[in-house]
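Accompanying notes for the structure given below.
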Amino acid sequence: MSGDQEPVIDAEIVEYEAAPVVVPPADYTEDGVPTFEHVRDRIENRFATGIGAEELAEATPEAKAVEDQFEARRQAGLDKLEEIRRSMRGDS
């Protein structure tokens, strides 16, 4: 069996280091409740993300086409309303 033994591997002793102390995030209290500042920051970030997404959506050619269609329909409605008002007053 002396031929079946694995060779000896030299090793060094590694000093034990204690795990670092986990400090709770500043955004939460010791009880795990989010602070007012953290909640406010989250709301502001969501609001800013929503505004940015809206701006990006409006910048697409499809959005411009829909906006143009809406404006054309709005103007046609105003023109028709003015025509009805003139006919009711007796103006032609």
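So which of Gly32, Gly90, Gly77 is among the small types (Gly, Ala, Ser) and either in contact (Cβ under 8 Å) with a residue 40 or more places away in the chain or surrounded by 10 or more Cβ atoms within 10 Å (Cβ to Cβ) (or both)? Spell out how you get there, then give the answer.
Working: Gly32 fails: either in contact (Cβ under 8 Å) with a residue 40 or more places away in the chain or surrounded by 10 or more Cβ atoms within 10 Å (Cβ to Cβ) (or both); Gly90 fails: either in contact (Cβ under 8 Å) with a residue 40 or more places away in the chain or surrounded by 10 or more Cβ atoms within 10 Å (Cβ to Cβ) (or both).
Matching residue, one of Gly32, Gly90, Gly77: Gly77.
Scanning the stretch 64-84 for residues that are within 30 Å of the chain's Cα centre (by Cα) and not aliphatic (A, V, I, L, M) returns Lys64, Glu67, Asp68, Gln69, Phe70, Glu71.
Just so you know, all these numbers are worked out from the coordinates, no wet-lab data involved. What you see is a predicted model, and the numbers here were worked out from it, not measured in a lab. As a convention, Cβ positions derive from the backbone with ideal geometry for all residues, glycine included, and neighbour counts pool all protein chains shown.
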